[in-house]
Amino acid sequence: MDNRFFVDGEHLSPSALEKKHRLETDPASRTNHMEYMNGMEQIRSDIMEKVLSEMDSYDYTKYTAKDVKSALEHETCTIEDFKALLSPAAEPFLEQLAQRARQTTSKHFGNTVYLFTPLYIANYCENYCVYCGFNCYNNIRRMKLNMEQIEREMQIIHDSGMEEILILTGESRSQSNVEYIGEACRLARKYFRMVGLEIYPVNVEEYRYLHECGADYVTVFQETYDSDRYSDLHLLGHKRVYPYRFDAQERALMGGMRGVAFSALLGLSDFRKDALASALHVYYLQRKYPHAEMSLSCPRLRPIINNDKINPLDVHETQLCQIICAYRIFLPFVGITVSSRESESFRNGIVKIAATKVSAGVSTGIGDHECKYEGKKTDGTEGDEQFEINDARSLDVMYEDIAAEGLQPVLNDYLYM
Amino acid sequence: MYRKEFTMEDKLILSGHEFSSRFILGSGKYSLNLIETAVRDAGAEIITLAVRRANTKKQENILDYIPKGVTLLPNTSGARTAEEAVRIARLAREIGCGDFVKIEIMRDTKYLLPDNNETIKATEILAKEGFVVLPYMYPDLYAARNLMNAGAAAVMPLAAPIGSNKGLATREFIQILVDEIDLPVIVDAGIGRPSQACEAMEMGAAAIMANTALATAGDLPLMAAAFRQAIEAGRKAYLSGLGRVLTRGASASDPLTGFLRD
């Protein structure tokens, strides 16, 4: 296990440090990551099995230029074609992939690009995920906004013109319980046309409750689909349970959510296998829930507070572009979101090829929109950020930049039912 | 057996509303540029509008960009059930989109194929509420009859999956609707080229709805003008009777039964 992730904060007590080190170095000290914890609902689903068996048998080195060419010629992209498009053999064909992807995007989405912004309402976390700035051992300023503060943040975002919001929390059921998140959703419905959630995975009835509170889209990142690697990176907390997280989207749909979003965090593991698994997760779930809207994100690892060594390893912009093009060709109907983890130039380029949604006016900190949007002086009470963003454009600037590329920025395409 | 209604005043009539143009601009690929050119170069008098994308606060509110004299056709895209479609239609009326409504009910996000059963239910409810209901449908004869009985002002069968530009993949079934349903048949979805629009009009379609074919064209105004001419040409061919003769096969110049003496 590479130790570039491990950072010992000076604030940790000797006993906390000892536990942390034991978790990091002794696999026997960790719980079984494939076993459900108390209170976690188990649904009947064969999707994980299907995805993992495809991923395990994927040997991307066996694909050749011939496979890539024939994949590009097929009208319908099969799973086998998709595997070829993700393989190293497809890299020399990147321009052809991009051309095909652009054509497909244009057929399904025209020239529209949707805009949204995230709102972090709390950064308390009970998990030890070694790459994440919110992890429970990381020494950061913790904060949880109360309803009044949340409303203030929402007003500021609303006044900027944004109509779609994604509410996020750290993963702490005790600090940010489902009712707290539900109340935040009710507030959000007052200010926004579309409310999404990116929170810890919950049970079907909890998703149903959150849907009734106004949320309609649930994003859960599996981070990595490689379950051994997952076990090495998520050392403590409910997030350690791989299958409960895997089935989150399905539980969300069972709870009445309109749509779900998926992703691996590229750079944690073998990115080709993770990209394959992410897309197949969408593919199989779409077959089971054909009415549901689905989207893929494609985040890469970013530096965090107290650890600037974290980077996405072998996933350079070229590889990211290849993955996104392959996603588009394999899943023409799926939304593709590119976050502010990526640079301005990458985002400007990729919206012309395959991305259909980008964030703008982003802060991954807690309670700092007034400082960031309106230049109010910080009083030092804001909660720290989850990761460093790379593209800090405001909504207005993003809107103009997209329009200048000849695309149509869209702030809302949605009715809450 | 050609229809005799050809006059200089050949109009598309939907529940008593008359239109000179038989081109309807769809709403899927949305741009203000497209709306302008559809009206100017394609002669569109009806423009579809996704209600879920209207009623927005910022500058791109599509309602502000609909030229005067153009009839808005709000659609219910995003609806998965009859109930949701009805709610969207009522919302459209509330925000000032008028009484026309195109019902779109899809329970498949991959192909966006319409659900005929739910569409029939929604049509019945909305027609009773005084809407001019234009249902998007899969070309099935029984469903079309049910839609007619439910009070639809026209039926809008798909030619091919939406956005596919594949043309008249459902040609034979659309022809059956044209022949059997006493309502205008507006061919919607899948028309990718002016020649396909022309062919549908020759078959007796009352109008053509297109969007992707224009939105993704290299030269938008030129493609819009091409659609206009193709639709007019197809219409004239249909009215002239040639369309029918061609589709049913030409008659022999010497009758096969000419030998009969009595």
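The values are calculated or read from the model by the stated rules, or taken from the named source; none is laboratory data. Remember, it's a predicted structure, so these values are computed and weren't measured experimentally. Counting neighbours? That spans all protein chains shown, and the Cβs are built from the backbone with ideal geometry, glycine included.
Computed quantities for the displayed model
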read-out	value
Wholly enclosed strands (runs of 3 or more DSSP E) of the stretch A:118-236 bearing at least 2 residues of a type in the set (S, T, N, Q) and buried (at least 21 other Cβ atoms within 10 Å of the Cβ)	A:217-223
Residue in the stretch A:357-375 that is within 14 Å of chain B (Cβ to nearest Cβ), part of a loop (DSSP other than H, G, I, E, B) and either crowded, with 23+ Cβ neighbours inside 10 Å or out of contact with any Leu (no Cβ under 7 Å at 6 or more places or on another chain) (or both) present	yes
Residue under evaluation residue B:136, criteria (1) within 13 Å of another protein chain (Cβ to nearest Cβ); (2) at pLDDT 95 or above, criterion not met	(1)
Any hit, the stretch B:214-228, residues being under 22 Å from residue B:18 (Cβ atoms) and at pLDDT 95 or above	no
Residue in the stretch A:379-395 that is assigned to a helix (DSSP H, G or I), surrounded by fewer than 18 Cβ atoms within 10 Å (Cβ to Cβ) and more than 14 Å from every other protein chain (Cβ to nearest Cβ) present	no
Odd one out for residue A:307, checked against (1) modelled with pLDDT under 80; (2) within 14 Å of another protein chain (Cβ to nearest Cβ)	(2)
Filtered residues of the stretch A:91-117 (kept if surrounded by fewer than 23 Cβ atoms within 10 Å (Cβ to Cβ) and either of a type in the set (Lys, Arg) or more than 14 Å from chain B (Cβ to nearest Cβ) (or both))	A:91, A:92, A:93, A:94, A:95, A:96, A:98, A:100, A:102, A:107
Matching entry among B:123, B:48 (being away from chain A (no Cβ under 12 Å), at pLDDT 85 or above and under 24 Å from residue A:259 (Cβ atoms))	B:48
Residues being under 21 Å from residue B:159 (Cβ atoms) and in a helix (DSSP H, G or I) - total across the stretch B:73-116	1
Within the stretch A:282-338, considering residues that are of a type in the set (Asp, Glu) and in contact (Cβ under 8 Å) with a residue 12 or more places away in the chain, the one surrounded by the fewest Cβ atoms within 10 Å (Cβ to Cβ)	A:314
Test: residue in the stretch A:396-404 that is within 12 Å of another protein chain (Cβ to nearest Cβ), among the hydrophobic types (A, V, I, L, M, F, W, C) and out of contact with any Gly (no Cβ under 8 Å at 6 or more places or on another chain)	yes
Leading residue by the ranking (farthest from residue A:105 (Cα to Cα)) among those in the stretch A:306-344 that are of a type in the set (Lys, Arg) and either touching a Pro at 6+ places or on another chain (Cβ under 7 Å) or not in a loop (DSSP other than H, G, I, E, B) (or both)	A:341
Test for residue B:118: is it more than 10 Å from chain A (Cβ to nearest Cβ), farther than 22 Å from residue B:139 by Cα and either buried (at least 17 other Cβ atoms within 10 Å of the Cβ) or not polar (S, T, N, Q) (or both)	no
Residue in the stretch A:266-283 that is of a type in the set (Ser, Thr, Tyr), at pLDDT below 95 and over 30 Å from residue A:10 (Cα atoms) present	no
Meets criteria (within 30 Å of residue A:255 (Cα to Cα), among the aliphatic types (A, V, I, L, M) and not in a helix (DSSP H, G or I)) for residue A:48	no
Hits in the stretch B:184-234 (condition: closer than 15 Å to residue A:110 by Cα, touching a Ser or Thr at 6+ places or on another chain (Cβ under 6 Å) and aliphatic (A, V, I, L, M))	B:220
Matching residues in the stretch B:161-179 - criterion: being over 11 Å from residue B:139 (Cα atoms), more than 14 Å from chain A (Cβ to nearest Cβ) and over 15 Å from the mean Cα position of the chain (by Cα)	B:179
Failed item in (1) closer than 25 Å to residue A:288 by Cβ; (2) assigned to a loop (DSSP other than H, G, I, E, B), with residue A:83 passing the rest	(2)
Selection status of residue A:341, in contact with a strand residue (DSSP E or B) (Cβ under 7 Å, 6 or more places away or on another chain), crowded, with 22+ Cβ neighbours inside 10 Å and charged (D, E, K, R)	yes
Residues of the stretch B:84-109 satisfying the condition of being within 12 Å of chain A (Cβ to nearest Cβ) and closer than 25 Å to residue A:287 by Cβ	B:84, B:85, B:105, B:106, B:107, B:108, B:109
Verdict on residue A:252 being within 14 Å of chain B (Cβ to nearest Cβ), farther than 15 Å from residue A:51 by Cα and in contact (Cβ under 8 Å) with a residue 24 or more places away in the chain	no
Residue list for the stretch B:76-100, restricted to those being modelled with pLDDT of 90 or more and touching a strand residue (DSSP E or B) at 6+ places or on another chain (Cβ under 6 Å)	B:76, B:79, B:85, B:88, B:89, B:99, B:100
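Conditions (1) closer than 30 Å to residue A:139 by Cβ; (2) out of contact with any Asp or Glu (no Cβ under 8 Å at 6 or more places or on another chain), marked per residue:
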| residue | (1), (2) |
| --- | --- |
| A:321 | no, yes |
| A:324 | no, yes |
| A:344 | no, no |
| A:356 | no, yes |
| A:363 | yes, no |
| A:385 | yes, yes |
| A:391 | yes, no |
| A:394 | no, yes |
| A:403 | no, yes |
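Quick grid of which residues meet (1) closer than 30 Å to residue A:238 by Cα; (2) surrounded by fewer than 12 Cβ atoms within 10 Å (Cβ to Cβ); (3) free of Cβ contacts under 8 Å to residues at least 60 places away in the same chain:
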position: A:11; (1), (2), (3): yes, yes, no
position: A:32; (1), (2), (3): yes, yes, yes
position: A:54; (1), (2), (3): yes, no, no
position: A:82; (1), (2), (3): no, no, no
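To keep it simple, each residue is scored yes or no on (1) within 28 Å of residue A:325 (Cα to Cα); (2) at pLDDT 80 or above.
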| position | (1), (2) |
| --- | --- |
| A:356 | yes, yes |
| A:359 | yes, yes |
| A:363 | yes, yes |
| A:367 | no, yes |
| A:377 | no, no |
| A:380 | no, no |
| A:387 | yes, no |
| A:390 | yes, yes |
| A:394 | yes, yes |
